[in-house]
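The next block holds one structure in the form of structure tokens; read it before the comments.
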Amino acid sequence: MPLHLKPGKSTNRKALHRRYGGRERGGISPSRKSPFVFLFTDPERGLRHGYIYDGQRKDGLYDYTGEGQDGEQQMIQGNRAIRDHQAEGRELHLFKANGKKVTYIGQYEYADHYPGIAGQTRKAGSRAVIVFRLRPVGKTAPVDTSPLEKLERRRVKAVPVEQQLTEETTVQPNPEPYQATRREQKLVLRYEEALKARGHEVCRLQLWPPGEPAPFYSDLYDGTTNTLVEAKGSVARPAFRMAIGQLADYARLVKPSPKKAILVPERPRPDLVKLAKSQGIGVIWPKRSGGFTASWPASP
């Protein structure tokens, strides 16, 4: 059974499935009625789930994020159907969704896949996702460019604090940000204001290690003192542990080697300050009277 659609042609999704089979919901729809696996992309909606990869790359391949909105994505069900479509004698057909209407982009084939990161729809935090690399087969309609192609691929780049770019907002640009993220951002902006009042040059750093599919961002960088700052919305031990790991990841890319600090909303327990200092990291928190207090590790 051939697919009687030309690239660029629009149709109703229900009508498509009525004729060729496949489920009417979800991004990946294998059909039992015909030898097709239908793929649907909606870049604007996908960004709400942190799907920052979807779109055409400079090498002509199309990056497509697998299915599964929460938890680590697995090579099962629709994801497996993409990977194994050739062995199973199926064709991949890509559509761009726009409400009930879908526009046929064209036929593709699986080239390979790589691991990415994305947010979770119903909970905080990031998770591993599968990003498929799809090769066009024959003529295709024009497609959206991957958002990653619009970023300047430099290992370290300064960006304004006001852009509110963080590792969390890169992979999880949910229109309803989490309370912890809001607390952290208010804290960062308050500390930025305090530093600028002292004449410091302040920004954030976009960091893009070689081989990584997407960049990540520091919360704040004090260029005057060469200090990386990671903000957390609580003084809980897991938050400190996460901040220590993030700062270690960021700092290895910055030359010369920077000072490191954790910014928190209140004075933490002494043991957590000791934990940070044991890793060469200072701790900063606001004073009730205004301004900030910092506790730094002893100089070597």
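Some points to look at:
- Only one of the listed residues (GLY199, GLY211) is outside any strand (DSSP E or B) and either at pLDDT below 80 or in contact with an Asp or Glu (Cβ under 6 Å, 6 or more places away or on another chain) (or both). That residue is GLY211.
- For segment 35-67, a residue qualifies if it is closer than 23 Å to GLU24 by Cα and at pLDDT below 85, and the qualifying residues are PRO43, GLU44, ARG45, GLY46, LEU47, ARG48, HIS49, GLY50, TYR51.
- Flag for VAL254 being in contact with a Leu (Cβ under 7 Å, 6 or more places away or on another chain), surrounded by 17 or more Cβ atoms within 10 Å (Cβ to Cβ), touching a residue at least 12 places away in the same chain (Cβ under 8 Å) and among the aliphatic types (A, V, I, L, M): yes
- Residues located in segment 189-202, provided they are hydrophobic (A, V, I, L, M, F, W, C) and touching a helix residue (DSSP H, G or I) at 6+ places or on another chain (Cβ under 6 Å): VAL202
- Within the option set GLY223, GLY211, being closer than 15 Å to VAL156 by Cα, in the same structural domain as VAL273 (by TED's automatic domain parsing) and in contact (Cβ under 8 Å) with a residue 60 or more places away in the chain holds for one residue only, GLY223.
- Every test in (1) in contact with a Ser or Thr (Cβ under 9 Å, 6 or more places away or on another chain); (2) exposed (fewer than 15 other Cβ atoms within 10 Å of the Cβ); (3) not hydrophobic (A, V, I, L, M, F, W, C) is passed by TYR221 save one, and that test is (2).
The values are calculated or read from the model by the stated rules, or taken from the named source; none is laboratory data. Source: prediction; values computed, not measured. Every residue, glycine as well, gets a Cβ built from its backbone with ideal geometry; the counts of neighbours run over all protein chains shown.
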